[in-house]
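The values are calculated or read from the model by the stated rules, or taken from the named source; none is laboratory data. Keep in mind that what you see is a predicted model, and the values were worked out from it rather than measured. With ideal geometry, Cβ positions are generated from the backbone for all residues, glycine too; neighbour counts draw on all protein chains shown.
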Amino acid sequence: MKSKTKYVSAVSKDSRQLSRRQFLRSSAVVPLGLITAVAYTKQQNTKIEHIDLFTVRYPTKGYFKFFIGPGGTYGREAVIVKITTGDGVVGWGQSIPSPKWSYETLETAKIVLRDYLGPALIGQNSMDIDGAHKAMDRALAPGFSTAMPIARSGLDIALHDLVGKLKGRSLSQMWHRPQGGPLTLSWTVNARTLDEAEVVIDAGYKRGYSNFNIKVAPDPKFDVGLARLVRRRAPEGFLWADANGGYDQAAALAVAPKLADAGVDVLEAPLKPNRISGYQALKKQGALPILMDEGVVSPVELSEFIRLKMLDGVAMKPSRCGGLVTAKRQIEILLDAGLMWLGSGLTDPDISMAAALGLYGAYGLTKPVALNGPQFLTTDVLVKSLNIRNGSVKVPDGPGLGVEVDESKVVKLMKETTNSERIEV
C-alpha cells in the first residue's frame, strides 16, 4: 500500500507497512494512540538535527575478566547516544565496546561515532532506519563484515527508540509481534577456583536465579570440574558453557564430550570464529550443540556459516551485530533454518539491555538469557529501573525501548567516571 504520509515509510525493510485492513484492526484495539501517532509524524520535523555522545564507565561489583581496561581501569565502559530531531524528540542508545572481547574500545567507539557514523546521519529522516544504515555503510567501509558494529549499535538502538516514540509504539508493536516475557535470566559463573565458584553460585541463588552460564577455556580439566559443580548445585537448570574462542581444535574436540557428560546443555564459541574447519568438525562430532558468537556480525556471514555446516545456532547479541535491524534478521534466518538461538549480551547496561529485552521478548525466547548487567553493574541512568525480580525480568512495554533515560544521571555518571564532556555531533 502506498501511503500519503511520507513518514510511515520504513522502520526497516523487515518491518512491513500496515495494510488498510491491518490498520483498521489495530485501530479498533488502540484507536486513539495509533491515530494520534500517525497524525503526529505527519506534522513533525523528524530530521536528525544533532547527536550527543556521553562516554561513561558503569561501576561494577564482583570479578569478571572483561571489565579490566587500560592502565588498571575497571568498569563497564559505554558511549551513551542521544539523537534529537528538529522538533526536539529524543531517542537514546548505547554502544558498549569491550576491548577484552573485541577490537572496539571506548576511545575508538567515541571517534567513530563523532567523526564518521554520527555525521552521516545528520539531516537524515529519523523514521528511515534502513536509510540510516545505508548512510553508515557509506561513511565507514566494512572489513570482513560490518565496520565497527558495537559503536554502530548505539545509533541503531537510539533510532529505534526515537521511531517508537514518534509512532507511540513499543519495539514489538513496531514489528507487529507480541511483547513476550517475562524473561528468565542466567547467572554468570566466571570463577578462578572451584571454591570461588561455590560463592558465586550461592550469590545467584540468593538473588532468585536457578540457571547458570559458565566461562570456560583454556583449561579443560578445570572446566569439566566447574561444569560438574554447577550441575550438581543446579540439577534442573539450563547450563550454558561459553569458551569465548579459548580452545584450539584438538582441545575443543576432546572436552566437548566431557562437558556433555558433566551436564552442559550447549557450548558457545569454543574456537576463534575464523577456525572454519574446526567448527565443522565440532558440529559433525555432535557431542553438544555448537553456538557461534563473536564471528557472527551480519546476516551475510551467518548464512554462509549455516551453508558451511559450522554451527547449531547463535548466541544473539544486538550490540555485537550493529543493532536491532540485523539482529532481528539473524533470528529470522535461524528460525527459517530450524536452528537454535539464545539471548546473550555484553554485560549490557540499562539502555542496551532494554533493547535486547524488547527483541528477545518479541521473538518469544523461552530459554534463560545471559544478560548479566544486573549481576555485575551497580548503577543505571533510568528514571525507573528495569523490573527484575527473582531471576526474571519484565520486557519494557512503553514507546520505543520502553524506558525513560534521566539525562542528569547520564551527565553525573560521565563526570564521575570518565571526567569528560558531552560531545555534540
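For L229, are the conditions met, namely being touching a Gly at 6+ places or on another chain (Cβ under 7 Å), free of Cβ contacts under 8 Å to residues at least 40 places away in the same chain and not aromatic (F, W, Y)?
no
Name the residues in region 136-153 that are aliphatic (A, V, I, L, M) and surrounded by fewer than 19 Cβ atoms within 10 Å (Cβ to Cβ), would you? Spell out the reasoning first.
Of region 136-153, the ones aliphatic (A, V, I, L, M) are 136, 139-141, 147-148, 150-151.
Hits for region 136-153 are A139, L140, A141.
Could you please let me know if L334 is within 21 Å of I214 (Cα to Cα) and in the same structural domain as N213 (by TED's automatic domain parsing)? Please lay out each step first, then the result.
Working: within 21 Å of I214 (Cα to Cα): no; in the same structural domain as N213 (by TED's automatic domain parsing): yes.
Answer is no for this residue.
Answer yes or no: is there a residue in region 393-404 that is basic (K, R) and assigned to a helix (DSSP H, G or I). Before you say what the answer is, go through the steps one by one.
Of region 393-404, the ones basic (K, R) are 394.
Filter once more, so that each one left must be assigned to a helix (DSSP H, G or I): none.
Scanning region 393-404, I find no residue that is basic (K, R) and assigned to a helix (DSSP H, G or I), so the answer is no.
Please verify whether T379 is under 20 Å from S319 (Cβ atoms), surrounded by fewer than 23 Cβ atoms within 10 Å (Cβ to Cβ) and modelled with pLDDT of 95 or more, treating the condition exactly as stated. Let's see the steps before the verdict.
Details: under 20 Å from S319 (Cβ atoms): yes; surrounded by fewer than 23 Cβ atoms within 10 Å (Cβ to Cβ): yes; modelled with pLDDT of 95 or more: yes.
Answer is yes for this residue.
Of the conditions (1) under 19 Å from Q179 (Cβ atoms); (2) in contact with a strand residue (DSSP E or B) (Cβ under 9 Å, 6 or more places away or on another chain); (3) not aliphatic (A, V, I, L, M), D265 fails just one. Which one is it?
Failed condition: (1).
Across region 113-129, what is the total count of residues that are touching a residue at least 40 places away in the same chain (Cβ under 8 Å) and surrounded by 15 or more Cβ atoms within 10 Å (Cβ to Cβ)?
Adding up the residues that qualify gives 10.
Return yes when V314 is farther than 24 Å from A241 by Cα and either in the same structural domain as P97 (by TED's automatic domain parsing) or in contact with a strand residue (DSSP E or B) (Cβ under 8 Å, 6 or more places away or on another chain) (or both) and no when it is not. Explain how you work it out, then say what you get.
Working: farther than 24 Å from A241 by Cα: no; either in the same structural domain as P97 (by TED's automatic domain parsing) or in contact with a strand residue (DSSP E or B) (Cβ under 8 Å, 6 or more places away or on another chain) (or both): yes.
When the stated conditions are applied, V314 does not pass them.
Could you tell me which residue of region 185-221 is nearest to the chain's Cα centre (by Cα), considering only residues that are buried (at least 19 other Cβ atoms within 10 Å of the Cβ) and part of a helix (DSSP H, G or I)?
G204
To keep it simple, each residue is scored yes or no on (1) under 22 Å from the mean Cα position of the chain (by Cα); (2) within 20 Å of L342 (Cα to Cα); (3) surrounded by fewer than 24 Cβ atoms within 10 Å (Cβ to Cβ).
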position	(1), (2), (3)
R228	no, no, yes
A234	no, yes, yes
L253	no, no, yes
A262	no, no, yes
G278	no, no, yes
S298	yes, yes, yes
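So which of V369, V383 ends up being without any contact (Cβ under 8 Å) to a residue 60 or more places away in the chain and either assigned by TED's automatic domain parsing to the domain that holds M292 or more than 11 Å from the chain's Cα centre (by Cα) (or both)?
Working: V369 fails: without any contact (Cβ under 8 Å) to a residue 60 or more places away in the chain.
Residue meeting the stated conditions: V383.
Looking at region 86-96 only, could you name the residues that are surrounded by 18 or more Cβ atoms within 10 Å (Cβ to Cβ) and touching a Lys or Arg at 6+ places or on another chain (Cβ under 9 Å)?
Here is the first cut: in region 86-96, the ones surrounded by 18 or more Cβ atoms within 10 Å (Cβ to Cβ) are 89, 91-96.
Listed by number, the residues that qualify are V89, G91, W92, G93, S95, I96.
What do you reckon, is A254 part of a helix (DSSP H, G or I) and either closer than 30 Å to V81 by Cβ or of a type outside the set (A, V, I, L, M) (or both)? First the steps, then the outcome.
Details: part of a helix (DSSP H, G or I): yes; either closer than 30 Å to V81 by Cβ or of a type outside the set (A, V, I, L, M) (or both): no.
When the stated conditions are applied, A254 does not pass them.
Which ones in region 262-310 are free of Cβ contacts under 8 Å to residues at least 24 places away in the same chain and charged (D, E, K, R)?
Selection gives E304, R307.
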